[in-house]
Amino acid sequence: MLYGQVSRWVAWGHRVTVIAGDYPGAERVSHLDERLTVHRMGTRLTVFPRAAWATLRGLGRDADVVLEVCNGIAFFTSLWRWLRKPRVLLVFHVHQEHYVTELGLRGRVAAFLLEQVPLQIFYPGVPVITISQSSREDLVALGVDRQRIHVVYCGLDSGSLAPGPKAPEPALIYLGRLKQYKRIELLFDVLEAVPEAHLDLAGDGDHRGALEAEVERRRLGARVTFHGHVDEEEKARLLARAWVALTASSAEGWCLTVFEAGACGTPTAAMRVGGLGEAIVDGQTGLLADQPAELVAAVRDLVDRPEQRAALGQAALERARGYTWDSTAQGTLTVMDGAMAAERSGLRATLARSDSGKAAGLAAATLGNNAIQLVFTVVFTRLLGQTDYGTLAALISAFLILLVAGQSVQLAAAREAALDRLGHPEVLRATLRAWTRQLLVALVAVTAASVLLREPLAALIGVQDVPWAAAAIPPTGVLWMLLSLQRGALQGLRAYRPVGVSIVSEAAGRLVCGLIFVGLGLGVTGALLGTPVAFVLVALWLERELVRIVGPVQRVAEPLRTLRSLVGDGWVPIIGLFLLASLQNVDVILAKHQLGGDAAGSYAAAAVAAKAVVWVAIGVGLHLLPEATRRAAAGLDPRPVLLRALGILAVVAAPALLIFAVAPELLLRLAFGPGFTDAADALLLLGAAMTLLAVAYLSVQYMVALGETRFLWVLGVVAIAEPFLLTAGHEGIVDFATIVFGVQCVAASSILALGLTARRRRRRAAAAS
């Protein structure tokens with residue numbers, strides 16, 4: 001495909017520089033024309049870093065546009081910041097299934113890392129060219145924006161390709177590479193069903209040895225010829241004499257050989273996969289089969305019916321003449337001209353406009369929040385000491401469990417707003433104002449009750465020495481619900497920037513206000529009181545942002561959605577997030593009871609460090625839920641949103657776990673002080689456990705977006721089992737961490753499996769109904 005286009009571009013006066021892999025006997029630099037230079041470097045795998053290094057040293061600096069061919073492995077040209085040129089990505093077809101067919105489980109991992117993650121994350125806004133509508137749909141399913149995918153069909157350089165005399169006896173031909181995913185063994189089934197026929201295999205590949213052994217096993221040696229690589233004249237002769245061309249590939253983007261056979265007046269019989277459904281007009285220019293047995297029967301029938309064979313061959317010839325490399329080259333050139341004409345912005349701005357960039361931005365906000373929380377921990381461990389910090393950690397952990405009500409309402413608000421069930425923005429704004437009034441009334445009532453019940457609350461949490469701090473937790477939960485409703489409404493409106501800013505501001509406000517109160521001599525109680533004050537300040541700012549985005553509250557004729565109905569409809573996220581919060585925080589509370597004193601403080605500090613990944617997941621989830629909701633409601637596959645979120649999580653988790661493994665004691669000493677290193681041996685276990693919890697969290701968000709509830713029983717069983725396991729006599733810190741890790745393994749693997757199969761289950765249910 002590239003040669004057919006490049007030759008036209010050069011003929012039209014363009015200058016082309018090609019970087020390709022090397023092979024034995026090839027020139028390192030070939031000047032094939034005064035306007036065409038080919039640089040060969042590296043093997044099939046090392047060509048990618050070698051190409052990056054070559055451009056860093058200056059190769060291609062004078063180019064106007066970069067056309068990257070992603071043939072299963074990306075070059076990552078969008079990260080070549082030294083090559084400041086607009087990019088266009090050429091993807092013949094998606095290789096996900098090819099990887100699995102060739103390499104099994106390793107192939108699935110390679111497909112995710114080398115093709116899926118790059119296409120989803122690293123090429124935001126880059127125009128993508130592909131060769132069929134089928135390939136376009138595969139790219140959309142992988143998470144690439146449909147609006148930037150351009151279909152440019154392959155052309156045909158007829159040259160010596162022309163009809164010629166047919167073989168006197170039935171002659172079948174396969175033209176292409178000998179690869180496992182091409183499923184050439186199915187063609188042997190066809191051959192066995194047509195005993196008078198001969199099969200020519202024109203092409204070579206690493207599956208040839210296995211095919212030769214299969215031919216010998218079936219005793220077809222006299223009826224199969226392996227031609228290997230053939231030149232253009234031999235290819236034309238074989239195609240012209242053939243009665244039927246065959247292909248049984250498991251995936252094809254377009255299959256140019258169909259048109260090469262058609263140019264010789266030979267129809268093609270193929271499996272109906274990928275672009276073959278577009279390359280062949282079934283019943284007019286060839287035949288398509290849905291099952292291997294159908295392919296066998298179709299070829300048997302075609303061999304026996306010369307009139308139909310001739311009619312299909314003539315129609316294939318006429319259709320092949322309509323596809324030229326001139327039109328293909330012009331189509332690709334048009335896309336490249338558009339990329340050059342468009343104002344090229346920096347990668348940061350492009351990422352900010354993309355879904356991946358928005359998700360990563362929210363992840364960065366929560367990571368910033370977590371970094372400030374880490375500073376919070378470091379500062380207050382130094383100010384309060386191990387024992388008092390253990391008390392503060394128990395208070396905060398109890399508060400985090402109560403935060404579930406607000407978080408679940410935020411999910412419900414975001415989902416309902418994304419589905420336009422809260423009305424147009426003016427109605428949503430009025431509804432939110434009514435909810436705010438109700439929450440302020442609730443705040444007064446809850447505050448009064450908490451003051452009266454401060455002693456029982458303190459005993460329940462295990463902090464009898466600071467009853468006023470315990471009394472502050474329920475009112476703070478009400479303020480958090482208000483903050484969560486505001487954020488949920490902004491998520492539904494796709495206003496992600498103020499959500500991200502509020503996340504960072506909230507953490508900074510908690511630190512600053514807590515320091516002020518501790519400086520006033522309020523101790524642990526003062527450190528905790530900084531949180532509700534920060535919530536009030538951030539809620540006031542978000543109110544201003546809502547006015548800026550939607551406008552002031554107006555009188556609306558439509559009925560307002562009640563807060564009670566929102567909470568009632570949101571029982572699934574309420575229960576799910578409550579169970580997740582329990583899994584995230586109950587170990588710290590139980591450590592206060594089981595380990596006690598300095599050991600509990602050390603464990604709490606290690607747990608804070610390990611939870612960095614969870615906070616990233618929370619940030620990514622702010623984007624995941626409304627976007628997955630929209631895709632599912634539009635009938636699109638929402639799984640790419642989940643996979644993109646998991647990819648961002650992996651990018652953050654990998655270096656964190658490496659640090660936990662290599663230098664846990666140093667990290668805890670630098671972050672919290674020398675008195676908090678007792679949990680060093682448990683840090684990697686806790687980090688792995690929290691990474692698994694983050695996977696579970698994102699999977700739960702995804703299933704909430706789809707309206708799924710099956711994850712609840714898994715979370716319920718695990719959340720009930722964890723406290724019993726932690727209190728079963730295991731007194732060491734490492735014992736605690738080991739149990740937490742095991743619990744999270746069970747939860748994450750089960751919930752992720754449910755999430756990945758949710759869409760298929762819903763489709764089967766819809767089909768059955």
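The values are calculated or read from the model by the stated rules, or taken from the named source; none is laboratory data. Fair warning: this is a prediction, and the values are worked out from it, not measured in the lab. Counting neighbours? That spans all protein chains shown, and the Cβs are built from the backbone with ideal geometry, glycine included. Note: accessible area is taken over every heavy atom of the protein model, side chains too, but ligands, DNA and RNA are not part of it. Shrake-Rupley method; radii C 1.70, N 1.55, O 1.52, S 1.80 Å.
General remarks:
- Selected residue (criterion: surrounded by the fewest Cβ atoms within 10 Å (Cβ to Cβ)) from residues of the stretch 296-311 that are within 18 Å of ALA261 (Cα to Cα) and under 43 Å from the mean Cα position of the chain (by Cα): ALA298
- LEU706 meets all of the listed conditions (1) loosely packed, with under 15 Cβ neighbours inside 10 Å; (2) modelled with pLDDT of 80 or more; (3) within 30 Å of the chain's Cα centre (by Cα) but one, namely (1).
- At least 3 residues being closer than 23 Å to ILE131 by Cβ and touching a Ser or Thr at 6+ places or on another chain (Cβ under 8 Å) is the threshold, and among the strands (runs of 3 or more DSSP E) wholly inside the stretch 196-307 those reaching it are 244-247, 268-271.
- Filter result (in contact (Cβ under 8 Å) with a residue 60 or more places away in the chain and within 17 Å of GLU252 (Cα to Cα)) within the stretch 157-184: TYR174, LEU175, GLY176, LYS179, GLN180, TYR181, LYS182, ARG183, ILE184
To keep it simple, each residue is scored yes or no on (1) part of a helix (DSSP H, G or I); (2) modelled with pLDDT under 85; (3) surrounded by fewer than 22 Cβ atoms within 10 Å (Cβ to Cβ).
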{"site": "TRP713", "(1), (2), (3)": "yes, no, yes"}
{"site": "GLY716", "(1), (2), (3)": "yes, no, yes"}
{"site": "PHE724", "(1), (2), (3)": "yes, yes, yes"}
{"site": "ALA728", "(1), (2), (3)": "no, yes, yes"}
{"site": "ALA747", "(1), (2), (3)": "yes, no, no"}
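- Any hit, the stretch 471-491, residues being modelled with pLDDT under 85 and open to solvent by 50 Å² or more (accessible area, probe 1.4 Å): no
- ARG219, sole failed condition from (1) crowded, with 22+ Cβ neighbours inside 10 Å; (2) on the phi > 0 side of the Ramachandran plot: (1)
- Contacts under 7 angstrom Cβ, first residue in the stretch 456-473 being closer than 18 Å to LEU590 by Cα, partner among the basic types (Lys, Arg) and outside any helix (DSSP H, G or I), 6 or more apart: none
- Flag for ALA371 being modelled with pLDDT of 70 or more and surrounded by fewer than 24 Cβ atoms within 10 Å (Cβ to Cβ): yes
- None of ALA600, ALA617 is over 20 Å from ALA414 (Cα atoms), modelled with pLDDT of 75 or more, surrounded by 23 or more Cβ atoms within 10 Å (Cβ to Cβ) and among the hydrophobic types (A, V, I, L, M, F, W, C) except ALA600.
- Looking only at residues in the stretch 325-349 that are surrounded by fewer than 18 Cβ atoms within 10 Å (Cβ to Cβ) and hydroxyl-bearing (Ser, Thr, Tyr), the one that is modelled with the highest pLDDT is THR334.
- Qualifying positions in the stretch 152-174 - under 39 Å from the mean Cα position of the chain (by Cα) and assigned to a loop (DSSP other than H, G, I, E, B): VAL152, TYR153, CYS154, GLY155, ASP157
- Reported count of residues in the stretch 175-192, each being surrounded by fewer than 21 Cβ atoms within 10 Å (Cβ to Cβ) and outside any loop (DSSP other than H, G, I, E, B), is 7.
- Here THR17 meets the list (1) touching a residue at least 40 places away in the same chain (Cβ under 8 Å); (2) in contact with a helix residue (DSSP H, G or I) (Cβ under 9 Å, 6 or more places away or on another chain); (3) open to solvent by 30 Å² or more (accessible area, probe 1.4 Å) almost entirely, failing just condition (2).
- Looking across ALA688, ALA650, ALA680, one residue alone is surrounded by fewer than 24 Cβ atoms within 10 Å (Cβ to Cβ) and out of contact with any helix residue (DSSP H, G or I) (no Cβ under 8 Å at 6 or more places or on another chain). It is ALA650.
- Every residue from the stretch 620-636 that is in contact with a helix residue (DSSP H, G or I) (Cβ under 6 Å, 6 or more places away or on another chain), open to solvent by 10 Å² or more (accessible area, probe 1.4 Å) and not charged (D, E, K, R): LEU622
- For the stretch 650-660, a residue qualifies if it is of a type in the set (A, V, I, L, M), modelled with pLDDT of 85 or more and touching a Leu at 6+ places or on another chain (Cβ under 8 Å), and the qualifying residues are LEU657, ILE659.
- Selection count, the stretch 632-687, where residues are in contact (Cβ under 8 Å) with a residue 60 or more places away in the chain, farther than 21 Å from ALA737 by Cβ and not hydrophobic (A, V, I, L, M, F, W, C): 6
- Candidate set from the stretch 749-769 (those that are of a type outside the set (A, V, I, L, M) and farther than 21 Å from LEU693 by Cβ); member that is modelled with the highest pLDDT: ARG759
- Condition check for ARG319: in contact (Cβ under 8 Å) with a residue 40 or more places away in the chain, surrounded by fewer than 23 Cβ atoms within 10 Å (Cβ to Cβ) and in contact with a Ser or Thr (Cβ under 8 Å, 6 or more places away or on another chain): yes
- Of the criteria (1) of a type outside the set (Ser, Thr, Tyr); (2) surrounded by fewer than 15 Cβ atoms within 10 Å (Cβ to Cβ); (3) in contact with a strand residue (DSSP E or B) (Cβ under 8 Å, 6 or more places away or on another chain); (4) touching a residue at least 40 places away in the same chain (Cβ under 8 Å), which one GLY228 fails: (4)
- Qualifying residue in the stretch 423-446 (condition: of a type in the set (Lys, Arg), under 37 Å from the mean Cα position of the chain (by Cα), surrounded by fewer than 22 Cβ atoms within 10 Å (Cβ to Cβ) and in a helix (DSSP H, G or I)): yes
- Total residues in the stretch 730-745, condition open to solvent by less than 40 Å² (accessible area, probe 1.4 Å) and not in a helix (DSSP H, G or I): 1
- For the criterion of being among the hydrophobic types (A, V, I, L, M, F, W, C) and in contact with a Gly (Cβ under 6 Å, 6 or more places away or on another chain), VAL47 passes.
- PRO664 open to solvent by less than 50 Å² (accessible area, probe 1.4 Å), modelled with pLDDT of 80 or more and either among the β-branched types (Val, Ile, Thr) or closer than 27 Å to ALA489 by Cβ (or both): no
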